[in-house]
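Report on the following structure.
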Amino acid sequence: MKFLIRLFAFVLLFSSTSDLFSQQATIKGFVKDKETGQPVSFIVVGLEGTTHGAQTDENGYYALTKLPAGTYTLVIQDFRFKEVREQITLKEGQLVARNYLLDEADADTIEDILITGEKGNQRDNVNIGAETISPKDIKSIPSVGGQSDLAQYLTNLPGIITTGDQGGQLYVRGGSPVQNKVMLDGMIVYNAFHSIGLFSVFDTEVISSADVYTGGFSAQYGGRISSVMDITTRDGNKANADGRIGINPFGIRAHVEGPFRKLRENGSGISYIVSAKRSHLDQVSPKAYPYVNDGEGLPFTFTDLYGKVSFGGGNGSKFNLFGFSFNDGVRKYQNLGELAWQNNGIGGNFVVVPSSSSVLISGNFAYSAYDIALREENLPDRTSSIKGFNAGLEFKYILDKDVIKYGVEIVGFGTDFQTFALVDGTSKVSYNENTTELNSFFDYKINRGNWIIEPSLRMQFYGSLGVFSPEPRIGIKYKASEVLRLKGAAGIYTQNLMATNSDRDVVNLFYGFLAAPQNLPTNYTTANGDVREVKNSLQRANHYIAGFEYDITERWNVNVEGYYKDFRQLTNANRNKVYSDDVLNADKPEVLKKDFLIETGWAAGTDLALKYEDKKFYLWLVYSLTKVQRWDGFRNYAPVFDRRHNANIVGTYKFGKKKVKEYEFSVRWNLGSGLPFTQTQGYYQPQGVNGGVALDYVGSNSSSLGIQFADLNGGRLPYYHRLDLNLRRTFEFKGSLKLEMNAGVTNAYNRANVFYIDRITAKRVDQLPILPTIGLEMSF
């Protein structure tokens, strides 16, 4: 703890004194869209005739540092906006603030210029295991009824798979869903995907960007051992009120935004944005899709509400307040029970720009509560809740082409899990835990010639476990030529949160959480027979990634990455338990009576992504080769998400008579090899002993049926494949009024992809059948 305090004091002192030692000048400021007041991200601000230039960040912030005294012409050029040129005279050691509101460029100019921002991002950052997603990207793939969604896009990314159309969870490069950290405006979101796997809780229209890290991420992020999804929402329009409303067979959605105080010349203003999504699939599907679920349709329903108020200052500082309520429900479906969950939260974030320094200070604070309940016939209810807060403070300092980030964060949460004993299936079992995490990080991106080196260090302290975990990480990129870039990353990661379901379950609709389980074996037997002491329940993993980017032509780009995730310690529900953990069974082995067990494992694979983009065509080819293994102290087994081969082909074609193409046709085809499952070896009638010596064990019959299972996940399901198509037509009217008509079909050739098979009745239940949709969206 003392170390963390000293580290925080050091970085705070560094932020306040670093500018004092430099006698060179600095130009800093923010770039915003004059039409909406939105920050303009990833646009280049440079000084004409020099090598000094910088890209704006997600806040629209830029800083040109280490400038000799003199007179310069500052230039901002981008195909989306009219050029900005301003002459600036700098004195030695002077700091000049310049904010800009950009006017949109003419449509003819936009049409003739190719997007190059992504290439600039590749050249200036390590970008290994990373993807930055914009609303434009999300809308470029086929959407269900025209309702584009982040969840539909994520399943196309290299290294990410799902176990089907229903379940709503993502598995990232061999990691379980609980090992993925999802954040919304800095708040931790504990369940971001609905039970029908086509939709997330996020409205595409309010997303500014989504940064997805499938592995090897820097010390800026922690508390998870597999991946990070950092979603940022945009501020509401500070200049004009506008909105959008859409409807299709799956649901209805709407959003509205506008100014409380209109945008001023200095860039200040106050705005709001509100969005709502509601699924009516449970009501519409029996009539729209009478062939599904024996005429009962699809029993999925959800409601998502999000609101945000943004306060912007003239110097670029801003403050946001936001809140959300996400709800999901599944009626009794194919004997899987009834499920409902809700996630409510409130929080805020801010950006502060000190007038005397080029340091950018940002922070966040949030509180959220997640509750889930599952009701099944003849079994007690299962419930889980997690309530907690997180708050952080981050500093960013730009030194010419280098970037330093450092900060601190505190996370606290409590979990409450109510279930029943696996031994008898009736006894209630409760788990209640409270935990606090305190951490700091330091990240330094060094840009030297053809090399980009990004070492970072995270100091993580888990209060409930009393464990201090230093986690060094590094990312490297070498620009071998103008078209070839080599890259690599490695790091140590930990987390103190586990899921209450098991990686062995085929159907994972119930997704609860538990922190720091204590009912663990004291020893663990490795695969080679060694026995080691289990000191705590902390989950650990090491990441190793290497790859390259190659620009085949100006429009063709290929990205290849190979990875190895070494899961040093995992916690999981103990399916080997056959005894109660009490004094009567004191002599029984711990692995047969503890509620949880320790596992280890690894995931290895190669991801390939090939992209082509121009004004009319967008083509994306993705292939992933993966192998995932777990060792539970008894056996090696493949978890249910061990998909060897996964391929996606995504294409979009824009056409029409107008300069701005009014038609857009998109297609997506997904192919995945069979997932593991445990086969049924046979059936038997279990015989009780309640009758004692008077039991007629020859003539009596049991009322239940026992199942003899084969080897754990020793079988493989058939290949999964699905074709989705979508056609969008846009009508433009006077003013800002637009109407979009969408026609699409999910699973176009009606592939029967298996969901699961009832072991007793042998009835097969498939994933989603062919689902044609038509939708309307109006923006104003």
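The values are calculated or read from the model by the stated rules, or taken from the named source; none is laboratory data. Note that this is a predicted model, so its numbers are computed, not measured. Methodologically, a virtual Cβ is constructed for each residue, glycine included, from the backbone with ideal geometry; neighbour enumeration extends over all protein chains shown. Side chains included, ligands, DNA and RNA excluded: accessible areas come from the protein's heavy atoms. Shrake-Rupley method; radii C 1.70, N 1.55, O 1.52, S 1.80 Å.
Rounded to the nearest 20, the size of the Cβ-charge dipole of the range 702-768 about its Cα centre is 200 debye, with Lys and Arg at +1 and Asp and Glu at -1. Find which of PHE548, THR730, THR162 sits farthest along the positive direction of the dipole of the chain, computed with +1 on the beta-carbon of Lys and Arg, -1 on that of Asp and Glu, about the Cα centre. Positive-end residue among those listed: PHE548.
Using a probe of 1.4 Å on the protein chains alone, the accessible area found for MET778 is around 80 Å².
Taking the Cα centre of the chain as origin and assigning +1 to Lys and Arg Cβ atoms and -1 to Asp and Glu Cβ atoms, the resulting dipole is close to 700 debye. Projecting the Cα atoms of PHE326, PRO299, ALA373 onto the charge dipole of the range 294-389, computed from C-beta unit charges around the Cα centre, puts PHE326 farthest toward the positive end.
Please state, as a whole number in µm²/s, the translational diffusion coefficient that the Stokes-Einstein equation yields for the range 253-298 at 4 °C and 1.567 mPa s, with Rh defined as the Kirkwood radius across alpha carbon pairs.
94 µm²/s
Short to long, the 10 Å bins of the Cα pair-distance histogram for the range 596-655 hold 19, 32, 22, 16, 9, 3 percent of all pairs. Two tests apply to each whole DSSP H helix in the chain, Cα reach of 18 Å or more along its axis and mean Kyte-Doolittle hydropathy of at least -1.0, and the ones passing both are 2-17.
For a distance above 16 Å, tell me the whole-number percent of Cα pairs in the range 708-780 that qualify.
Of the Cα pairs, 67 percent sit more than 16 Å apart.
Among the trypsin sites (Lys or Arg not before Pro) in the range 708-780, those placed in a DSSP loop whose Cβ has at most 10 other Cβ atoms within 10 Å are LYS734.
Taking the helices alone, the chain has a mean residue ellipticity at 222 nm of -1500 deg cm²/dmol, built from -39,500 (n - 2.57) per DSSP H run of at least 4 residues and averaged over all its residues. Percent of Cα-Cα pairs more than 24 Å apart in the range 515-629, please. Summing the P(r) of the range 515-629 above 24 Å gives 50 percent of all pairs.
The chain: longest stretch without exposed GluC sites (Glu not before Pro) (DSSP loop, at most 13 other Cβ within 10 Å), sites themselves excluded? That would be 555-780. Among the trypsin sites (Lys or Arg not before Pro) in the range 291-350, those located in a DSSP loop and surrounded by at most 14 other Cβ atoms within 10 Å of their own Cβ are LYS332.
Restriction of the chymotrypsin sites (Phe, Trp or Tyr not before Pro) in the range 503-600 to DSSP coil positions whose beta-carbon has at most 10 other beta-carbons within 10 angstrom yields no sites.
The translational diffusion coefficient of the range 449-519, from Stokes-Einstein at 25 °C and 0.890 mPa s with a Kirkwood hydrodynamic radius over alpha carbon pairs, comes to 154 µm²/s. Magnitude of the charge dipole for the range 382-475, about its Cα centre and with charges confined to Cβ atoms of Lys, Arg (+1) and Asp, Glu (-1), is about 180 debye. Altogether, the Stokes-Einstein calculation at 37 °C and 0.692 mPa s, with the Kirkwood radius of the range 183-305 over Cα pairs as Rh, returns a diffusion coefficient of 192 µm²/s.
Convex hull volume of the Cα atoms of the range 368-522, normalised per residue: 169 Å³. The phi-based Karplus calculation (6.51 cos²θ - 1.76 cosθ + 1.60; θ = phi - 60°) puts the 3J(HN,Hα) values of the range 260-275 at 7, 9, 5, 4, 9, 4, 7, x, 7, x, 10, 9, 9, 8, 10, 9 Hz, whole numbers, x for Gly and Pro.
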